[in-house]
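Visitor: Before we start, here is the structure in question, set down as structure tokens.
Readers should treat all values here as calculations from the given coordinates under stated rules, not as data from a laboratory. Owing to the predicted nature of the structure, the values given are computational and were not obtained by experimental measurement. In this analysis, Cβ positions are derived from the backbone assuming ideal geometry, glycine residues included, and neighbour counts consider all displayed protein chains.
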Amino acid sequence: MHAWADSRHRRRLVNEQTYKGYRTHVNSLVGHVGEDRPVGDITPADLDDWVTDLADRLRPTSVGTYVRTAKRFFSWAEREGLVRRSPAADIEVPRVPKRAPRILRPATISDVMYRADFRERVQILLLLGSGLRVGELAGLDARDYDPEQGTVHVRHGKGDRDRTVVLTVEADRAVRTWLDGRRTGPMWPSPYRGSGLSAKTISRRLSELIGDTPDGEGSTAHAMRHTSATAAADAGMPLHVLRDRLGHENLATTGMYLWSSVDDQRRHLGPGHTFDQPPQPPGGEGRGEGTAPVRHHVQPLAPILNLGDWRRDP
């Protein structure tokens, strides 16, 4: 099993973060069934016991990542003739209760930007202006930024998929200023090692900045991806375009960003709304000049991410 994960890593089929995840999942399975157990002797009952044990210790989302790794490995083993039929074929991935994505308020983003240093501000603007995952942000090289197109190229994103993401004006300007013409090396050079900053380091620092704000308790750096995606959906970006932008495999995952609250429904219906009369837009009766329908509960990102003197230290 370890040889399978190592081989995928050597052939650059997975990025460093995915490889580490594979190793963790394989170590767990090997520890459960026994290190000397031949792959061909592992049964569906063994995997059921393993998943049950995981469910007692981990959240459903985490259990799901372990199960998906097992399915990938045994599918490969079946193709290679190591097993007659994958024992993981009928193992179900735990269902995760659907919930609204956690997004950051404009005031929280402004507070975080004020507390952050130059590099952190660039990272924040890039996360909000692209919808990248923190791991994808950490894996960027300077060459992945195209200043002529205003895009970044994500290599080996989740699911080992590459994609190109168009940046917002704010994010493009921030990255351009940060790189200052540099075209080689990691996007975020580490002062302590030859490679770039790790995803763990970036996530921990940005999560700390968010957590120190009045409304940020319990939120992590991943909330910036949710905030970016929700704002894009609110602005009317087609679902299939948003799917490709975020690197999702299917539309069902992207659909979580179309979540609305009870307050959203009230604002759209307006006071005194009845089903035989359309709601009146805010600001007066009818649809006179200067009026517009309220779209969603997320304010547009552009006004709250005005760069101003964003490079200065707080």
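Visitor: Would you please classify the overall shape of the range 165-225 from the alpha carbon gyration tensor, given that a ≥ b ≥ c denote the square roots of the eigenvalues, rounded means a/c under 1.5, and beyond that prolate means a/b larger than b/c while oblate covers the rest?
Guide: Verdict is oblate for the range 165-225.
Visitor: Highest mean first, what order results for 162-175, 3-16, 125-138 on Cβ atoms within 10 Å?
Guide: Order by mean packing, descending: 125-138, 162-175, 3-16.
Visitor: OK, next. 7 Å from Cα along Cα→Cβ at both TYR192 and ASP117: what's the point-to-point distance in nm?
Guide: That separation, rounded to one decimal, is 1.2 nm.
Visitor: Place the peptides 249-256, 213-220 in order of packing, highest mean first, counting for every residue the other Cβ atoms within 10 Å and averaging per peptide.
Guide: Peptide ranking by packing, descending: 213-220, 249-256.
Visitor: Further, regarding this structure: Across the range 126-184, how large is the tail of the calculated P(r) beyond 15 Å, expressed as a percent of all Cα pairs?
Guide: Percent of Cα pairs beyond 15 Å in the range 126-184: 42.
Visitor: The range 80-141: percent of C-alpha pairs farther apart than 20 Å?
Guide: 55
Visitor: Give the peptides 62-74, 144-156, 179-191 in descending order of average Cβ contacts within 10 Å, highest first. Before the final figure, lay out the partial values.
Guide: Details: 62-74: 19.4, 144-156: 16.5, 179-191: 12.5.
In decreasing order of mean packing, 62-74, 144-156, 179-191 become 62-74, 144-156, 179-191.
Visitor: Classify the range 2-79: rounded, prolate or oblate, from the alpha-carbon gyration tensor (a ≥ b ≥ c, eigenvalue square roots; a/c under 1.5 rounded; otherwise prolate if a/b is larger than b/c)?
Guide: Oblate, since a/c reaches 1.5 and b/c is not below a/b.
Visitor: May I ask you to derive the FRET efficiency for ARG143 and ARG79 from their Cβ-Cβ distance with R0 = 25 Å, giving the value to the nearest 0.05? Each step should come with its number before you reach the end.
Guide: Details: r = 34 Å, r/R0 = 1.37.
For R0 = 25 Å, the calculated efficiency reads 0.15.
Visitor: Work from the charge dipole of the range 68-223 (Cβ charges, +1 for Lys and Arg, -1 for Asp and Glu, about the Cα centre) and give the residue of GLY135, PRO191, ILE210 farthest towards its positive end.
Guide: Highest projection toward the positive end goes to GLY135.
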